[in-house]
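For reference, the structure discussed in these notes is given below.
The values are calculated or read from the model by the stated rules, or taken from the named source; none is laboratory data. Treat the numbers as computed from the prediction; the structure is a model and nothing was measured. With ligands, DNA and RNA removed, areas are computed over all heavy atoms of the protein, side chains included. Shrake-Rupley method; radii C 1.70, N 1.55, O 1.52, S 1.80 Å.
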Amino acid sequence: MIVRIMGEGQVRLADSHLTELNKLDEELLAEMENGDGPGFRRTLTALLSKVRELGVPLPDDSLEPSELILPAPEATLEEVRGLLTGGGLIPG
């Protein structure tokens, strides 16, 4: 799966990592629903860090279509709400 982090670039991520990422995604969703700004920021940072850790960066000149687009690290709670589809950022 090709994942884009807005403002950073793309990584190739094995589908086998989606279960692990979904746990963070569920936490993020709960924090958003509760209006927990500090929790949201902490979990978004953890989610993006995990994607960077598990993914293999694609070259900057690569123009592969992204199957998943994640918000930039500085995205606000309201901006991330606008990206949600079907209950979370990560499919599955």
Relative contact order of the chain (C-alpha contacts under 8 Å, at least 6 apart) in percent is 45 percent
Three semi-axes of the equivalent ellipsoid, the range 28-76, Cα gyration tensor, whole Å, largest first: 26, 11, 9
Would you kindly state how much longer the chain becomes between K23 and E78 on full extension, computed as 0.36 nm times their sequence separation minus their alpha carbon distance, in nm to one decimal? 17.7 nm
What is the ratio of the Cα radius of gyration of the chain to 2.2 N^0.38 Å, with N the residue count, to two decimals? 1.02
Skip the ligands, DNA and RNA, and give the accessible area per residue of the range 7-91 with a 1.4 Å probe, whole Å². 58 Å²
